[in-house]
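Note sheet for the following structure.
The values are calculated or read from the model by the stated rules, or taken from the named source; none is laboratory data. Small disclaimer: the values here were computed from a predicted structure and weren't measured. All Cβ positions, even for glycine, are placed from backbone atoms using ideal geometry, and neighbour counts span all protein chains on display. The area values use the complete protein model at the heavy-atom level, side chains included, leaving out ligands, DNA and RNA. Shrake-Rupley method; radii C 1.70, N 1.55, O 1.52, S 1.80 Å.
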Amino acid sequence: MDIKRVKDCIYWLYYQYLLITCSYVLEPWEQSMFHTITVTVFAMVVYTAYVFVPIHVRLAFQFFSQIFGGQPESTV
């Protein structure tokens, strides 16, 4: 792929984002505030998923392995 096609694709995705969020009707300072809040919320969701989802998956695996007859971890 050449650079122009990648650039056009990125512009098209950004335009779709503006249309979906209806932020194209906002003034420039409102758009910057909206984008800042959106990126901040998205970053917090990703961080929370990165930190807490593995813990919950491990606990759910332990719970279901005990229910279905698995060996307890501390058999020593």
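Values as computed for the structure displayed
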quantity	calculated
Conditions (1) surrounded by 10 or more Cβ atoms within 10 Å (Cβ to Cβ); (2) at pLDDT below 95: number failed by TRP12	(2)
From the options VAL51, VAL39, VAL57, VAL45, residue that is of a type in the set (Val, Ile, Thr), within 20 Å of the chain's Cα centre (by Cα) and open to solvent by less than 80 Å² (accessible area, probe 1.4 Å)	VAL51
Output for the stretch 25-36, where each listed residue is surrounded by 11 or more Cβ atoms within 10 Å (Cβ to Cβ), in a helix (DSSP H, G or I) and free of Cβ contacts under 8 Å to residues at least 12 places away in the same chain	GLU30, GLN31, SER32, MET33
